1. Provide the per residue accessible area, probe 1.4 Å, for the chain, rounded to a whole number of square angstrom.
2. Build a GNM of the chain with springs between Cα atoms under 10 Å: which of S209, S237, S176 gets the top mean-square fluctuation?
3. At each listed q (0.11, 0.19, 0.20, 0.23 Å⁻¹), what is the log10 of I(q)/I(0) that the Debye formula gives for region 15-131 modelled as equal alpha-carbon point scatterers?
4. Roughly what would the spin-label model give for T22 and K108, points 7 Å off Cα along C-beta, in nm?
5. Pick the calculated log10 I(q)/I(0) by the Debye sum over Cα atoms at q = 0.07, 0.14, 0.15 Å⁻¹ for this structure from [x] -0.25, -1.00, -1.15; [y] -0.28, -1.01, -1.12; [z] -0.31, -1.25, -1.40?
6. Which of E44, E94, E243 moves most in a GNM of the chain, Cα contacts under 10 Å?
7. Got the relative contact order for the chain handy, in percent, Cα pairs under 8 Å and 6 or more residues apart?
8. Residues of region 177-207 with the amide nitrogen closer than 18 Å to a label point 7 Å from the Cα of W143, along Cα-to-Cβ, please.
Amino acid sequence: MPDGSKTKPESDYDVLYRIMTTRMSVRRIKPDPIPEEYVEKILEAGRWAMSGANGQPWEYLVIKDPEKKKALYDAFQDTNQEFCFWMEQMRPFELRHPAFQVKGDDLKDEWQKIRNSTGGQQRRPWHEAPVVIVVLGDGRRQWATVNAAFTFGRHASHFTDGLANTCTHMQLAIASLGLGSHWGTVHVQEPLKRVLGVPDLIDVYLIISIGYADIERKPGVRRELKEIVHHDSYDMSKYMSNEDIIDYLYKLRGKTMFRYHLKDSLLPGGGEKKS
């Protein structure tokens, strides 16, 4: 800052808060290349995440080859996404995940529209992003932490906690570099392992596509702090019954649908070229 400037510099917290509150999941990423040093910075941020007894269970598989990205995308769509699609159809329409709220008479046809990235949402398949990072996990590294981490009901949580932490670090680094990203949850690992040559004992945890965003940022949707903070003991006036939770989900869907239907959020000059 110049000497005598009256502008108050941002504190470290201010910078971090700005990054956290402006980060968003980007479902339309430009195919334009990104600097190689950005990829290195993102991976370096992930490396410094916290984990149980510093076991560091993460590894990263960086994919830039178009054929490999497309093969991974196809395997993901034909297992994870199709599985999710049909599971979601068992819910009431308004409670389905926004990505799978379809109204057509032929559900098989509606699935194919989603499968092929059509259906009016103007998405761009994530394999077209210039870089895809697959976060891998080696559960044996959890041996570093206490045996209690393996007890009934914990579900090897020190392992998944660590992997979640490294992903969060990378997402914040991505936002800090002015990039956009989308993370794909892996429900069925085996087809993805075959594409990537991942050994049986290594988990495929998350898929992160990275590049320059091709959508305008939309405001984040979060619960108010006063709704989720308790002081000294649990405030039962904030406890939600099962009925309250269902009502909450209906309202939440209404607030978040816009994130999944992108027609009105393309950047000026972006989107599909018109013939």
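The values are calculated or read from the model by the stated rules, or taken from the named source; none is laboratory data. This structure is a prediction, so every number in the text was calculated from the model and none was measured. Please note: Cβ atoms are built from the backbone with ideal geometry, for glycine as well, and neighbour counts cover all protein chains shown. Only protein heavy atoms, including side chains, enter the accessible area calculation; ligands, DNA and RNA are left aside. Shrake-Rupley method; radii C 1.70, N 1.55, O 1.52, S 1.80 Å.
1. Accessible area per residue, the chain: 61 Å².
2. S237
3. For the requested q values the scattering log ratios are -0.55, -1.17, -1.20, -1.30.
4. Spacing of the two 7 Å Cα→Cβ label points: 4.8 nm.
5. Derived directly from the coordinates: [z].
6. Comparing E44, E94, E243 in the GNM, the peak value goes to E243.
7. On the way: 362 pairs, mean separation 86.3, N = 275.
Once divided by the residue count of the chain, the mean separation gives 31 percent.
8. Flagged as within label range: 199-203.
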